Each structure stands twice: as structure tokens, then as C-alpha cells.
Amino acid sequence: MKIAVIGTGYVGLVSGACFADSGNFVTCVDVDEAKIEALKNGIIPIYEPGLETLVKRNYAEERLLFTTDINEAIDNSLMLFIAVGTPSVEDGSADLSYVLNVAKSIGQRMSEYKIIVDKSTVPVGTAKKVEETIREELDKRGLHRLEFDVVSNPEFLKEGAAIDDFMKPDRVVVGCDDPRTAELMKELYSPFVRTSNPILIMSPAAAEMTKYAANCMLATRLTFMNEIANLCDVLGVDVDEVRKGMGSDSRIGHAFLFPGAGYGGSCFPKDVRALIHTADENAYNMQLLKSVEDVNNKQKEILFKKLSEALGTEDMRGRKIGVWGLAFKANTDDMRESSAINLINSLLKAGAEVMAYDPAAMKRANEIYGDKIVLKKRSYDVLQDVDALVIVTEWNEFRRPDFDRMKSMMKNHLIIDGRNLYNPHNVREMGFDYRGIGR
Ligand SMILES: NC(=O)c1ccc[n+]([C@@H]2O[C@H](COP(=O)([O-])OP(=O)(O)OC[C@H]3O[C@@H](n4cnc5c(N)ncnc54)[C@H](O)[C@@H]3O)[C@@H](O)[C@H]2O)c1
């Protein structure tokens, strides 16, 4: 099939590369000229395991093209996927301007039947808005009878495991009212569901809602676990034992039960806010989700709180603090709404000197902080003479460190572990003041 993917970010680039890898002819479009130029030169603008190989292979085989020219992509494709960002605006709602701009460009260009597929996460009713926007542009051009279909096809991939998630999805959700278009969507996705995971055809509005409901459920589950961990801290219980005990219940399961310093990233925070906003707009009070957001905002301050408790002061002038991990989770360079930002902002405000390291997010951190913090090339380099080490991201390389080496470098043997990576008993035996979440 001939496909255009408009928006070549985390979702667009992964979707484009995976569609190309299953034999489709894909044109990836972005307004960011530097990004497209880099991709043409084999430079992948994001860190995502496995993506580089996939992009290079399909680019070399000319199944994957990169362009800034949306018109070329529209002309050459039957299916036009919209994968641009939908960030939060001030009032918490999703900013649809990028999606609707693309819809407008499509309406201004298309001159034959097209299928427009919303892959961005968008509020209920957006497929309708996309349709209206395109129709309006076609009408202006006198193309009143030109047909097209709009499909909602939300994406469920996780950054850090995006290729695997896309290639082997638990399910594919297709919101589509037209049976012929639904069949084409099924055909497109059939290589990815060979183990018979379902392709669920539903109304566009239900598909849009499914994506928000799924993300909000996961955010709620994490937040619930963070509260259980906080109570464990108060009661002197090890939440890791509790987590295993809970997760072994087949009605509960083990996934998304790891407590931490609050959820971040480019999806959960904005999607929770957007669903609350949709509900408010429709005079329904999403009480539970509002609490989830409140609890999460507080949780994001927990690392600084634990650190200042351990040091006996909130005044960090003259203190040197090491930070391991800046990305909002492991295996990505994405720092959007990462708890590391809350921590570092509080540290800087309190006068601390911050030394930080992340295996993938250094470029992003440099864009955010410049010379306000010291970025070190290796994990151990941040430990020299520090008053404490704070672990924010659960990168594998932090899981089995050389504690003797750490001890010899750190001025004060304090570890605040926002990911519960270590066995508290063992680390304390080695002479560290070790503080995890709920342990
Ligand atoms: N990142 C994730 O893990 C993830 C997972 C599932 C769903 N989503 C959803 O997918 C959507 C995209 O997310 P992302 O993280 O890939 O965003 P992103 O910010 O990484 O990428 C968006 C890209 O769109 C480009 N763009 C903006 N306007 C454009 C236009 N008019 N024409 C062409 N390109 C344009 C931007 O330059 C950018 O490169 C969002 O709605 C998000 O909620 C994201």
C-alpha cells in the first residue's frame, strides 16, 4: 500500500518504518527540515532501540522516503496517517492545532479518494473535526463530491520498546464507519497480528476514547501504587514485598505496579489532563482522575523531599548532588515531563550544584539546562565528592553498580533511589544511607 505518515516524531517515525518493513511504500513528512535532512543522511533524531536498523534498511530499499513536502506525500499515497503532536494547552485540553493544520493541508491538495487516519491521541469528536476541516477546504475548491474517509487508529506503543509494540501489538484499534475502509485497515495491519491478536473495529469516537481510557487507567494504577508505597514508608513496610504479593493475584497482574517518583513522559500527564478537560467541558466531574493528577504532582517532588529529609535541610547551597537518569523512563531519550526536571529544578532553586548522567538523554538535558548543571559522560563521573546520589531512571546500567567504587568517590554515602533498584538490606550493610520509595 502507499502510505504517507505526517509527523515524523516518536510515533510517526516508528509507524512509518514498521509499515515500510512489511512491504508498504511509505513517505514520512515533517515540517522540521533539520530532522528530515538528518533522516536522509541516516541520522535518527530520537533514541529508540532497533529503530536505526529498520530505518536504514527500508530507506536503502527505497520503501521509506523522507520529505518536507506534504503535497508530494499526499499525491503519492492512498492512506494519510496523521501522527503530529497533541500537547496540553494551558487549560489542560489537547492542542489540536497541529492535527487540524494537517487536515487543512490535505483538503487543500487532495484531488482523488484518500483515507485519512488519525494516529495522534485526540479527544472524542476529533475525527469529525478532521472530516469537517477537509470538507471545508474541498468545498472552497469546488470539489463538493470528492470522497474520503476518516479513520481513528490510536497508537499504543511504549517508547523504549516501540518497535516491538508496533510489530506485535496486543490489539489494533480501528475506529471506522465504512466497512470497505475497515477491510483495508485490517489488510494493512494483518502482518502485525499473525498470532491472532485482535483488530478491533469500532466507532471513531470509541477508538478515540479507548486510547485515553487506557492511558488514564495505567496512570491511575501507577499512582495507586505510589500511594501504597508512601503509606509503606510511613508504616515501615517494604512495598516491594507488597508489590509481589499483589501482582501474583491473576486479577491484578504484575505490570505497572512499580512505585516511583511519579509518572511523566509525553503521554500520561497530558492525556490525564485532556480527559479531565473533556469531562469538565461536558459537565462531568472526573473526581478520580483529578486525584490521580494531584497525587502524581506531589509524587514528583518526592525525591527532593527525601533528599532534604536525609540531609536535614532544604538549603542546598554548597551541596553537590549526583543524578543518575534524566529520561522519564529507561530506553528513551524523552525528557518530556520527566521527574528529573522536578528534581533538578528544586535542586537548582535550593542552591545545589548538580552533576548528572543519562545514557541517552544528554542532548535533551543540554537543551533544557545548558550550563546550569554539569553533564558527565560516564555514570561514575557524577559521583566525585557528592553529598548524595539520586536515581531517577531505571536504566539497566544502574542496576548492578560497583558499590565499593561508589563509596570511594562519594563524600557522603547517601543514595535516594527513585526506582527501588537495590536490595535495601544489602546496600545498608555496605554502609550506605539508602532511601527508596516505600522501603
Ligand atoms: N510518544 C509516544 O510514546 C506516543 C505513544 C502513543 C501515542 N502518542 C501520540 O502520538 C502523537 C505524536 O506523538 P510523538 O511523541 O510522536 O510527537 P513528537 O513531538 O515526537 O512528533 C511530532 C512531529 O510532528 C511534526 N509536525 C508538527 N506539525 C506538522 C505538520 N503540519 N506537518 C508535518 N509534521 C508536523 C513535528 O515537527 C514533530 O516532528 C501524540 O498525539 C501522542 O500523544 C505518542
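Are any residues in region 99-113 in a loop (DSSP other than H, G, I, E, B) and of a type in the set (A, V, I, L, M, F, W, C), and if so, which ones? Working first, answer last.
First, the residues of region 99-113 that are in a loop (DSSP other than H, G, I, E, B): 110-113.
Correct list: MET110 only.
Any residue that is assigned to a loop (DSSP other than H, G, I, E, B), within 14 Å of the ligand (Cβ to nearest atom), not hydroxyl-bearing (Ser, Thr, Tyr) and not assigned by TED's automatic domain parsing to the domain that holds PHE328 - is there at least one of those in region 134-153?
Within region 134-153, one or more residues are assigned to a loop (DSSP other than H, G, I, E, B), within 14 Å of the ligand (Cβ to nearest atom), not hydroxyl-bearing (Ser, Thr, Tyr) and not assigned by TED's automatic domain parsing to the domain that holds PHE328.
On the basis of being farther than 30 Å from GLU293 by Cα and assigned to a helix (DSSP H, G or I), does GLY23 make the cut? Walk me through it before giving the result.
Values: farther than 30 Å from GLU293 by Cα: yes; assigned to a helix (DSSP H, G or I): no.
No, not satisfied.
Among the residues of region 154-169, count how many are without any contact (Cβ under 8 Å) to a residue 24 or more places away in the chain and in a helix (DSSP H, G or I).
Counting residues in region 154-169 that are without any contact (Cβ under 8 Å) to a residue 24 or more places away in the chain and in a helix (DSSP H, G or I) gives 1.
Of all residues in region 370-389, how many are within 11 Å of VAL323 (Cα to Cα) and without any contact (Cβ under 8 Å) to a residue 60 or more places away in the chain?
7
crowded, with 23+ Cβ neighbours inside 10 Å, within 14 Å of the ligand (Cβ to nearest atom), at pLDDT 95 or above and within 17 Å of LYS119 (Cα to Cα) - does that describe any residue in region 46-55?
no
For residues that are of a type outside the set (Gly, Ala, Ser), more than 9 Å from the ligand (Cβ to nearest atom) and touching a helix residue (DSSP H, G or I) at 6+ places or on another chain (Cβ under 6 Å), tally how many sit in region 32-45.
Here the count works out to 1.
Say we look at region 1-20 and pick out the residues that are of a type in the set (A, V, I, L, M) and not in a helix (DSSP H, G or I); which of these is farthest from the ligand (Cβ to nearest atom)? Talk me through it step by step, then tell me what you get.
So the first thing to find is which residues in region 1-20 are of a type in the set (A, V, I, L, M), and the list is 1, 3-6, 11, 13-14, 17, 20.
Retained after the next criterion (residues that are not in a helix (DSSP H, G or I)): 1, 3-6.
Values: MET1: 20, ILE3: 15, ALA4: 10, VAL5: 9, ILE6: 5 Å.
Among them, the one singled out is MET1.
Identify the residue in region 250-284 that is aliphatic (A, V, I, L, M) and outside any loop (DSSP other than H, G, I, E, B) and, among all such residues, is nearest to the ligand (Cβ to nearest atom).
The selected residue is ALA274.
So ARG400 fits all but one of (1) part of a loop (DSSP other than H, G, I, E, B); (2) in contact (Cβ under 8 Å) with a residue 12 or more places away in the chain; what number is the exception?
It fails just one condition, (2).
Check ALA219, ALA213, ALA229 and return the single one that is in a helix (DSSP H, G or I), surrounded by 15 or more Cβ atoms within 10 Å (Cβ to Cβ) and either within 16 Å of the ligand (Cβ to nearest atom) or assigned by TED's automatic domain parsing to the domain that holds ALA310 (or both).
ALA219
Please enumerate the residues belonging to region 390-412 that are closer than 27 Å to ILE228 by Cα and in contact with a strand residue (DSSP E or B) (Cβ under 9 Å, 6 or more places away or on another chain).
Across region 390-412, the qualifying residues are VAL390, ILE391, VAL392, THR393, TRP395, PHE398.
Looking at region 315-353 only, could you name the residues that are among the aliphatic types (A, V, I, L, M), surrounded by fewer than 23 Cβ atoms within 10 Å (Cβ to Cβ) and not in a loop (DSSP other than H, G, I, E, B)? Before you say what the answer is, go through the steps one by one.
First, the residues of region 315-353 that are among the aliphatic types (A, V, I, L, M): 316, 321, 323, 326-327, 330, 335, 340-341, 343-344, 347-348, 350, 352.
In the following step, the residues that additionally are surrounded by fewer than 23 Cβ atoms within 10 Å (Cβ to Cβ) were identified as 330, 341, 348, 350.
Hits for region 315-353 are ILE341, LEU348.
Please work out which residue is nearest to LEU303 (Cα to Cα), limiting yourself to region 243-260 and to residues that are in contact (Cβ under 8 Å) with a residue 60 or more places away in the chain and not aromatic (Phe, Trp, Tyr).
Selected residue: GLY260.
Which is crowded, with 23+ Cβ neighbours inside 10 Å, outside the structural domain of MET362 (by TED's automatic domain parsing) and within 20 Å of ASP333 (Cα to Cα), of GLY42, GLY16, GLY85? Write out each step before concluding.
Values: GLY42 fails: crowded, with 23+ Cβ neighbours inside 10 Å; GLY85 fails: crowded, with 23+ Cβ neighbours inside 10 Å.
Being crowded, with 23+ Cβ neighbours inside 10 Å, outside the structural domain of MET362 (by TED's automatic domain parsing) and within 20 Å of ASP333 (Cα to Cα) holds for just one of GLY42, GLY16, GLY85, which is GLY16.
The values are calculated or read from the model by the stated rules, or taken from the named source; none is laboratory data. Keep in mind the model is a prediction, meaning the values are calculated, not measured. Don't worry about glycine lacking a Cβ; one is built from the backbone with ideal geometry, like all the others, and counts go over all protein chains shown.
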